[in-house]
Every structure is written in C-alpha cells, then in structure tokens.
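In what follows, a structure is listed as structure tokens, so that the remarks can point back to it.
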C-alpha cells in the first residue's frame, strides 16, 4: 500500500520535473530554434518573395564577399590569439596565487574587478592610453621607441586583445583557483615523497586534473571573444580601421541593407563552425583527461 | 628554505604589479571624473580635435594622462545628474532593459534548472546538451533569428525585442543546473518524509542551498546586459527607438562630443555594478567556482 503510494507520488514528481522545463523550452523554441529553422531556409533560397531554391549559391557568394572575408579573418585571428592567452595567463595567475603571499584576497579582488566594471565606463581611459599622442606612445618615446597610431593601424588588435584580457582573466582565474584547490592532496604528497619536482607535479599531475576546467574556461573565453565588438564599437565606432572590422560589423552593415540571404548564410556558417570547434574540444578533453575522471 | 622565501617575494611583487595594472583604468576614470571640464579639454582635447573636419584646431599636441586633478570639483557630476537630463534618461533606459532581463531570466533559470536536476533522464540529458549548443552561439548567430521573430510579432524598435529573447537565454540555466545537481539527495528525502511537496522542495531546499549561486549568476547576467551594445544597434534602429537606447551604446557618442562629462557619466554608469561587486564579491566567487567544468 505504502509502496504503491510512493510510486504514484514519484510519478507525479517526475511529471512535475518535466513541467518545470516547459516554459523555457517554449521560449527557446519560439525565440531561437524555430526562427533558426527559417534562417536555414532563407540561406538556400534566392529571396523571400519568389522562394526559389538556389542550393549553396548564397554561401558561395558569402565566402567570396570581401567584407565577409575580412571580418571573418580578423575575428578568427583575434580569437585565436586572445583565447589561449586568456587561458594560460589566468592559469599562471591562479598558480601564483596558490602560494601563501600577503594580500592574496585583495589581489584576487583587483583581478576580478574589471568583470564588474562596464566597458563603456572606462573606454575613455583606454582611448587616452592608446591615442596617437597618448600615454603609451609618450612612454615609448621616452625610451627611444617609435610612436604607433594604435587604433588606426595593424596594431589595433593589440589594444583589443589587452582589453579582452583585462576583462576576462579574473573570471578564468577564479575557476582555475577552485579547480586547483580540488586536486586531491594525497596525490601531491605521494608525488613529493617520490621526489617529483615542481614542474613535474604541475605538468604531469595538476594539468591532468585541470583538463575539464581548461576546456570550460576555453569555451567561455571563446564565447566572450565574440563579444569584443563592444570594445571596438566603443573605441572606434561603426567604421573602425581595417584590422578591427569584426564579424559583428559585417552583420550590422548587412542588417542595414536588409540582405537576409547573406545574413542567414553567415549565421548558419558561423553556427556550424562553433559546433565543429565544440566537438573537437570535447574529443580532445576526452582523450586527455579520461584517466582522472571518477 | 631561504630560496623559497626570496621567490615568494618575487611572486608577490609580480602579482601586485599585475593587480595594480588591472585596477588602473577604473581608478583613472574615477580620478578624472573630479576634474573641471576645461582641465579635461586641455589634457584630452587633442584626442577629438582631429576627428572634426577642420584640421589643426588643437593647441597642445599631446594627450596627457592625469592621476590627480588640479582642482577637485563636482562640476561634471552636477552637469550629468542635474543640468543635462540626457544621461539620466539613458541611464534609466539601461535599467528598464537590464532589470527585467535579469529578474525573469533568473526565474526561468531556477525553474528549469530544478527540472533538469530532479529525476535525470536520457531525454533531459539530450535537451540539456541542446541548451549547451545554444549557449555557445554568439550574437552574430542568434541575433538573426531574434530579428526575424521581432519583425514577425511587430516588436522591432521596442524594448521587448531585446528583453524577450534574453529572458530565455540558456547561460544561467547551464550554470545553475550544474550547481543544483550537487544538492544532496538525503536532504530531499528528509524533506519528503516531512511531507514536503515538489514546490516546497524547490523553495525551501534548493533555493536556499543555491542562494550564493543564484546571486552570483544574477550579477553575471546583470553586468552582461548592462554592457549591451549589439542588440540595440540591430533591434532598435528607428529614431524614436534610439531615444530608448541604453547608456552603454550612448556612451560611445558622448565620448566624442562631450569629453568633459564622459568620465563622470562613466562613473555614474559603473555605480550599480561596482556596488554589487563590493557587497557580493564572495557570492560571485563562490558561484563562479561552483560552475567549473562543462560536463560535471
């Protein structure tokens, strides 16, 4: 009798737990999944009026479009440099902060603070620092360096990479600090007894335990790297120097022209690239971190 | 032992220098917000003179970064907060976009994460994985579907065009589900023995236990949308809608026209998030720390 009631109750609870998902699933379907289906459809027709199927023509036109190529190249280059840096530097900081140094919690606060400071608030300082006649150039000239027009030359990428690192390293560092403190102590003690050096311990033990976190931090940083348009827009507006022309600039311009076919093809292509990157990362993590997972 | 001691000092110095560099842009913004407009024009005017059509209008060629104002004044703040209402209007625009998004995204996330973490099943696993895929999609992908929906339901140029899709953004669901999965089954069993229903388990056990994570995720969502630039530029383009733009977008224009005020506006804009950070740093750190790992 009691067990029957328990079963009934459990069934009700299970149904309730599924019901909890409904609002979100409905929202995601309405705002993302269904319209994305329409986007996929738009990407293979000539225009929304005649609905003539043209296969991959829109995609071919897109990848031959010079503005798109430039935007894709700049964005890919930016992410390829800034994301690994954001992972490695944050990990380095977390390792340094593992030591017993004075003022540790204050340092943690300082490194984390850019996360909570709106980019728009501080953008003027960045402009002052990297202006043609700005602080960085003045310091460089003092040491006999050549001034660089940072925001209007190929060096523009350096500025936005610095801004990206400034904003993201704190968050990544916290994730690594948490992961480092979760590595089993006895593991490290055994290694020490067997005479393992600091480098050996780091590369052969800690790094393996950290691999799920590294993957997570990498993916988060990658997602955030596509938001760099904000910084570029605030620094230089809608028409930046060539090297700072990002995919979002391309999307904005294409939106202005209401070119749905090009927009749709770009969105679908980008989504596919993200899925491929994600799959590769998951596979890598599976190979590298398998033997330490419980 | 001695060598270890020395290297600890080196590490402290390196970390301290780095930490100061990270603090620098924020501190400089605050320090400069107390300058008079004329002092700012004298120091930074050169930055903008070459943006106008008439060249060679500037007197001093260099842009001088200053830590301490010659004369400390609240003039900038007086203009921003009292004389010129433009900035306050934009500030409230930001509030009316960011607060509803944060509150409703959290409510949806609490309910959904609870659904995901109770009675795990294969179907739920598949749906959750689909959410992860959606989460990794950048704005460059999701804004196109968002635009189509806004156009279809006649939401373009309205705040709801930005707010509605943002409520269902899966980022907070992803983080919170990972935290909720750690709630010990024994707590739930004990509550059930006391006759608690599912809704009570959610409000009396899950929510209190995940309080720090919920606060932390709320802060992350808030700052992300407080910073928004992409969505208004695409979803709110008419002249009337531009009046509803958040301050984060508007600040890029202030910087070029009204340099004398930009620092104070920047400081006013960072007050809500910096206050959150000062009061909630420990929650934020806990929340971030719990969320590590894409699978677990």
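Coordinate-derived values only; no laboratory data. All of these numbers come straight from a predicted model, not from anything done at the bench. Backbone-built Cβ (ideal geometry, glycine too); neighbour counts: all protein chains shown.
With the contact rule set at Cα under 8 Å and sequence spacing of 6 or more, what percent relative contact order holds for chain B?
That works out to 27 percent.
Return, ordered by residue number, the residues of the stretch B:204-234 whose backbone nitrogen is under 16 Å from a label point located 7 Å along Cα→Cβ of residue A:181.
Residues passing the 16 Å test: B:212-213.
Tell me whether the stretch A:61-292 comes out rounded, prolate or oblate; compute the Cα gyration tensor, take square roots of the eigenvalues as a ≥ b ≥ c, and use a/c under 1.5 as the rounded threshold.
Because a/c hits 1.5 or more and a/b fails to exceed b/c, the stretch A:61-292 counts as oblate.
What is the gain in length, in nm to one decimal, between residue B:7 and residue B:23 on full extension, counting 0.36 nm per residue of separation less the C-alpha to C-alpha distance? Can you show the working numbers first?
On the way: separation 16, 0.36 × 16 = 5.76 nm, distance 2.43 nm.
Contour length minus the Cα-Cα distance gives 3.3 nm.
At what distance in nm do the modelled label points of residue A:106 and residue A:188 sit from each other, each positioned 7 Å from its Cα along Cα→Cβ?
2.5 nm
Can you give the relative contact order of chain A as a percent, counting alpha carbon pairs under 8 Å and 6+ residues apart? Don't skip to the answer; put the middle values down first.
Values: 241 pairs, mean separation 87.5, N = 294.
Across chain A, relative contact order equals 30 percent.
From the square roots a ≥ b ≥ c of the eigenvalues of the alpha-carbon gyration tensor of the stretch B:108-158, which class results: rounded (a/c under 1.5), prolate (a/b over b/c), or oblate?
Because a/c hits 1.5 or more and a/b exceeds b/c, the stretch B:108-158 counts as prolate.
In a Gaussian network model over chain A where Cα atoms closer than 10 Å are linked, find which of A:254, A:50, A:109 has the largest mean-square fluctuation.
Its mean-square fluctuation being the largest, the pick is A:50.
Under the rule of -39500 (n - 2.57) per DSSP H run of 4 or more residues, summed and divided by the residues of chain A, what mean residue ellipticity at 222 nm is obtained, to the nearest 500 deg cm²/dmol?
-22500 deg cm²/dmol
Based on the Cβ-Cβ distance from residue B:130 to residue A:149, what FRET efficiency comes out when R0 is 41 Å, to the nearest 0.05?
So the FRET efficiency works out to roughly 0.35.
Pairing the Cα long axis of helix B:2-32 with the longest principal axis of chain B, what angle in degrees results, from 0 to 90 and rounded to the nearest 10?
Tilt of helix B:2-32: around 70 degrees.
Please report the spacing between the Cα centers of the stretch B:247-283 and the stretch A:142-158 in Å, no decimals.
27 Å
Give me the angle, in degrees from 0 to 90, between the Cα long axis of helix B:259-290 and the longest principal axis of the Cα atoms of chain B, rounded to the nearest 10.
So the inclination is approximately 20 degrees.
Please find the FRET efficiency linking residue A:242 to residue A:11, where r is the Cβ-Cβ separation and R0 is fixed at 60 Å, and quote it to the nearest 0.05.
Working: r = 62 Å, r/R0 = 1.04.
After rounding, the FRET efficiency stands at 0.45.
Roughly how many whole Å is it from the C-alpha centroid of the stretch B:172-193 to that of the stretch A:174-224?
Taking the Cα centre of each part, the stretch B:172-193 and the stretch A:174-224 sit 27 Å apart.
Only Cα pairs within less than 10 Å get springs; with that Gaussian network setup on chain A, which residue of A:12, A:195, A:145 has the largest fluctuation?
A:12
Going 7 Å from the Cα of residue A:77 in the Cα-to-Cβ direction, what parts of the stretch B:136-152 have a backbone nitrogen less than 20 Å from that spot?
none
Tell me the label-point distance for the pair residue B:181, residue A:63, using the 7 Å Cα-to-Cβ offset, in nm and rounded to one decimal.
Each label point lies 7 Å from its Cα, and together they span 3.6 nm.
What FRET efficiency would be calculated for the residue pair residue B:16, residue B:152, taking the C-beta separation as r and a Förster radius of 56 Å, to the nearest 0.05?
0.55
Between residue B:83 and residue A:88, with labels modelled 7 Å along Cα→Cβ, what's the label distance in nm to one decimal, could you check?
So the label points at residue B:83 and residue A:88 sit 5.0 nm apart.
Please label the shape of the protein assembly as shown as rounded, prolate or oblate, based on the square roots a ≥ b ≥ c of the eigenvalues of the alpha-carbon gyration tensor (a/c under 1.5 means rounded; beyond that, a/b larger than b/c means prolate, else oblate).
oblate
Gaussian network model of chain A, Cα springs within a sub-10 Å range: biggest mean-square fluctuation belongs to which of A:67, A:198, A:179?
Of the options given, A:198 has the highest mean-square fluctuation.
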